[in-house]
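See structure below.
The values are calculated or read from the model by the stated rules, or taken from the named source; none is laboratory data. Note that the coordinates shown come from a computational prediction; the quantities given were computed from them, not determined experimentally. A quick note on method: Cβ atoms are made from the backbone with ideal geometry, for glycine too, and the neighbour counts reach across all protein chains shown. Ligands, DNA and RNA are stripped out before the accessible areas are found, and what is left, the full protein with its side chains, is counted by its heavy atoms. Shrake-Rupley method; radii C 1.70, N 1.55, O 1.52, S 1.80 Å.
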Amino acid sequence: MGKKHFETEAIRTQSERSHFSEHSTPMYITSSFVFDDGEDMRASFAEEKEKNLYSRFSNPNTTEFVDKIVQMEGAEIGYAFATGMAAIFSTFGALLSSGDHVVSCRSVFGSTHTLFTKYLPKWNIETSYFKVDEVNKIESLIQSNTKILYAESPTNPAVDILDLELLGQIAKKYNLLLVIDNCFATPYLQKPIEFGADIVVHSATKLIDGQGRVLGGVAVGKSDLIREIYLFSRNTGPAMSPFNAWVLSKSLETLAVRVEKHCENALKVAKFLENHSNVNWVKYPFLKSHPQYEVAKKQMKLGGNIVAFEVIGGIEAGRKFLNTIKMCSLSANLGDTRTIVTHPASTTHSKLDEKDRLEVSITDGLVRISVGLEHIDDIINDLDQALKD
Ligand SMILES: *Cc1c(COP(=O)(O)O)cnc(C)c1O
């Protein structure tokens, strides 16, 4: 039997059964593993055998979770982390040296931006930014010491799309490592490795868990690079807990059906908002009006679950919207079964001045919706009542 389909791999990839012949994988809540004798222990530590030693290095639950993501992304190997940020930081920690340089899209997750501007400079690693609509400037930012080209697509919170094929070509031409945060798309919608990414990182906290329960992160990609990331991590300690890995491996069994439905609901929400008189504009990758609609169609299977729109009336109107919404949650998470709304200008990005907010496409009335799996009519009714004058 050859390679099976995405949904089947997500369900049928399983660590070896124990002598109890359980159907569902058990939780291996153990910090370490035992050896038969001195020779077994020596050979295991020498990596002559593939054997779990200690759960900071590997554990059957984390291995099962990672194996699934590796197959879904078309990667060679991977490693699982306590959080998405641990995956991103460890990728930089393992692959960058003092004096290296990074070129990144400016629209990156807030904590990733803080790594670039506050922490990496401590180790003499500088980052140059391009804006989402300035991909033609990327080549002019590349220096002789540039090592990594970094981006997310779709971006947070404005759901802009970057052309992964173009980024892959640039990375290849200049011999850079292309690192893509695929959190908003999931491997069900988009596989950056097909476009030339060397490493794909995820916050598993979002759509991969999909039910707002646990934190997690993962990095997958080429063997030699992931091996470096693995060694860095097994020594610095940001490993995923076996419990979280067990939860997340189960979550992956339903990723395809959940993401399909998330996207179906999100497209309906986007179309509803597009026709609403109190909405200035709507951005959703699979709406024809999206500035990178063609690119989104080329690299994504569906449009994702995040919809951004601009409520008429600026900051005040955004605040009023949050105060009037009833069912949808006000929360910092996304990719949950529950629909979540945020107004970045008055909350997460309120400390930035207007000019800095606009650098990352956050206008005063921008509302971000992470469309959930409630009945579509209930989601739309809630948005509609919150948008009334
Ligand atoms: C949430 C998020 C992260 C960080 O993940 P954590 O699991 O919260 O550490 C990184 N990138 C993107 C795009 C995210 O949405």
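Run the helix sum for the chain: -39,500 (n - 2.57) per DSSP H stretch of 4+ residues, divided by residue count, reported at 222 nm to the nearest 500 deg cm²/dmol.
-11000 deg cm²/dmol
How much FRET efficiency would the formula 1/(1 + (r/R0)^6) give for residue 260 and residue 235, where r is the Cβ-Cβ distance and R0 is 56 Å, rounded to 0.05? Write down the numbers at each step before the final one.
Numbers: r = 40 Å, r/R0 = 0.71.
The computed FRET efficiency comes out at 0.90.
Past 24 Å, Cα to Cα: identify those pairs from 4/283; 131/283; 191/351, in the order given.
Violating the 24 Å limit, Cα to Cα: 4/283; 191/351.
Students often get this wrong, so check it: of 172/206; 206/326; 147/173; 122/206; 173/301; 173/222, which have C-alpha atoms separated by over 20 Å?
Working: 172/206 30 Å; 206/326 22 Å; 147/173 12 Å; 122/206 30 Å; 173/301 27 Å; 173/222 18 Å.
The answer is 172/206; 206/326; 122/206; 173/301.
Just to verify a number: FRET efficiency for residue 378 and residue 133, C-beta to C-beta distance, R0 = 30 Å, to 0.05?
0.25
Only sites in a loop by DSSP and with at most 10 other Cβ atoms within 10 Å count here; which trypsin sites (Lys or Arg not before Pro) in the range 1-44 make the cut?
Of the trypsin sites (Lys or Arg not before Pro), the ones in loops of the range 1-44 whose Cβ has at most 10 other Cβ atoms within 10 Å are 3.
Give me, ordered by chain and number, the residues 5 or more places off residue 130 or on other chains with an amide H under 5 Å from its own placed amide H.
Counting only residues 5 or more places away or on other chains, the set is 104, 105, 106.
Hey, what angle do you get for helix 314-324 against the long axis of the chain, alpha-carbon based, 0 to 90 degrees rounded to 10?
Between the helix axis and the principal axis of the chain, the angle is about 70 degrees.
Between residue 203 and residues 5 or more places away or on another chain, which pairs have amide H atoms under 5 Å apart, with H built 1.01 Å from N, and which residues are they?
Under 5 Å from the amide H of residue 203 lie the amide H atoms of 183, each far enough along the sequence or on another chain.
Pulled fully out, how much extra length does the chain show between residue 388 and residue 117, if you take 0.36 nm times their separation in residues and subtract their Cα-Cα distance? Walk me through the intermediate numbers first.
Values: separation 271, 0.36 × 271 = 97.56 nm, distance 4.05 nm.
Going from the current span to full extension adds 93.5 nm.
So how much slack lies between residue 324 and residue 228, counting 0.36 nm per residue of separation and subtracting their Cα-Cα distance, in nm?
29.6 nm
Per residue, how much accessible area does the range 103-234 show when a 1.4 Å probe rolls over the protein heavy atoms, in square angstrom?
Details: 4800 Å² over 132 residues.
Solvent-accessible surface per residue comes out at 36 Å².
Excluding ligands, DNA and RNA, what is the solvent-accessible area per residue of the range 302-348 at a probe of 1.4 Å, expressed in Å²? Walk me through the numbers on the way to the answer.
Values: 1860 Å² over 47 residues.
In whole numbers, the range 302-348 has 40 Å² accessible per residue.
Kindly rank 230-236, 216-222, 156-162, 139-145 from highest to lowest mean number of other beta carbons found within 10 Å of each residue.
Final packing ranking: 216-222, 156-162, 230-236, 139-145.
Using the Karplus curve 6.51 cos²θ - 1.76 cosθ + 1.60 with θ = phi - 60°, work out ³J(HN,Hα) for each residue of the range 344-360 in order, rounded to whole Hz, and write x for Gly and Pro.
Each residue's phi maps through the Karplus curve to give x, 4, 9, 10, 4, 10, 5, 7, 7, 7, 4, 5, 5, 5, 5, 4, 10 Hz.
Which residues in the range 78-113 place their backbone N less than 13 Å from a point set 7 Å from the Cα of residue 126 along the Cα-to-Cβ direction?
Label zone hits: 99-103.
Sorting check: for 94-101, 258-265, which peptide has the highest mean count of neighbouring beta carbons within 10 Å, and how do the rest follow? Walk me through the intermediate numbers first.
On the way: 94-101: 15.8, 258-265: 20.4.
Going from most to least packed, we get 258-265, 94-101.
Could you pull out every one of the aspartates and glutamates with an alpha carbon less than 18 Å from that of residue 3, ignoring same-chain neighbours closer than 8 positions?
By straight Cα distance, residue 3 reaches 64, 67, 73, 76, 194, 253.
Roll a 1.4 angstrom probe over the protein heavy atoms and tell me the percent of accessible area of the chain that is carbon or sulfur.
So the carbon and sulfur contribution to the accessible surface is 52 percent.
In nanometres, what is the gap between the two model label sites at residue 143 and residue 39, each 7 Å from Cα along Cα-to-Cβ?
Each label point lies 7 Å from its Cα, and together they span 5.6 nm.
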